[in-house]
Amino acid sequence: MAKKKQLAHNSQSMRIIMALWLGAALSLWGQHDGEKSEKKKQFIGDLKSIEAGRILFASGCAACHGSEGQGGRGPNLREHVYWHPIDDETLYRAIEKGIPAGGMPAANLPEDQTWQVVAFVKSLVSPAIENNAPGDPKAGRELFWGKAGCGGCHAVQGRGGRLGPDLSNIGGARALPQLYQSLVDPDAEISPGYQGAQVLLKNGKTLKGVARNRTNYSVQLQDEGGSLHLLSASDISQITLMKTSLMPKDFSQRLSKQEVDNLVAYLSRQSVRPPEEPKEKGK
């Protein structure tokens, strides 16, 4: 078991090293080739271009980088350690010409299709506020505060619950794929500081919620109703930290695909900085 863990750790370390090396190589490449293209403006952030790029990515790049850029033989494209310093033009040239030293072949695509792949890759990591989401933000707002019940645990602009993370800047902090994942597969990633816990007290009472702070001497637990309990370790019989999210697991069953799209569209517009003027879809 220890050997398997070590191998997994070594594999992860090698992927990170490869990502850092490729990121440094591409950054240097970009410094030597500063030619800008006005043409990119019609592709980056455009919904149809992103979808076209997704199809192109799936037919070639996904074999190494995974269908959603999650990594495989090639680096995880959703890790900011790799993509953060790379501009659009440099990414375009990496796809166009490949990176032979890193084992990445040239895409051999026409210019427009290459920009579509760039648009898709950028959508994996760029803040959701910078991209068009396929749903209706107004309909998503109604879902958030109504049928979906998100406002019971999450706050937006000072309104809503406090059990889950504040979502006032979620569109400026997360990419669209992360927003979708948080709804349909909430256990995939749990926000730091929001791990669920169940506490059995010595008086027989059981509390369930989020462990806000935990030391050897006490636990601060916010229960599902929002109340905060300061518990002394001497009063606790057992504490169980959950490996799963407190988020509902049935959104993909309770909500239609269109409703999920609408909810993501609403969340994508939540940002502390004003969004740029959205592009007309299809333009």
At a Förster radius of 25 Å, what calculated FRET efficiency corresponds to the Cβ-Cβ distance of S67 and D187, to the nearest 0.05?
0.80
Using heavy-atom solvent-accessible surface (probe 1.4 Å) with all chains present, what is the largest-first order of K48, K138?
K138, K48
Taking a ≥ b ≥ c as the square roots of the Cα gyration tensor eigenvalues, with a/c under 1.5 meaning rounded and otherwise prolate when a/b beats b/c or oblate if not, the range 150-283 comes out prolate
Probe of 1.4 angstrom, ligands and nucleic acids ignored: what's the accessible area per residue over the range 104-200, in square angstrom?
44 Å²
Work out how much length D166 to Q253 would gain on full extension: take 0.36 nm times their residue separation and subtract the Cα-Cα distance, in nm to one decimal.
28.9 nm
Taking every alpha carbon pair in the range 80-183, what does the distance histogram look like in 5 angstrom bins from 0, in percent?
2, 10, 16, 19, 14, 10, 9, 7, 7, 4, 0
What order do K208, K122 take when sorted by accessible area (1.4 Å probe), most exposed first?
K208, K122
Can you tell me how much longer the chain between Q157 and D87 gets when fully stretched, taken as 0.36 nm per residue apart minus their C-alpha distance, in nm with one decimal?
22.0 nm
Keeping every protein chain in place, order S268, S256 by accessible area at 1.4 Å, biggest value first, i.e. largest first.
S256, S268
At 0.36 nm per residue, minus the direct Cα-Cα distance, what do E96 and T244 gain on full extension? Give it in nm, one decimal, please.
49.2 nm
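The values are calculated or read from the model by the stated rules, or taken from the named source; none is laboratory data. Being a predicted model, the structure only gives us computed values, none of them experimental. Using ideal geometry, Cβ is built from the backbone for each residue, glycine included, and neighbour counts are taken over all protein chains shown. These area figures cover heavy atoms from the full protein model, side chains too; ligands, DNA and RNA do not enter into them. Shrake-Rupley method; radii C 1.70, N 1.55, O 1.52, S 1.80 Å.
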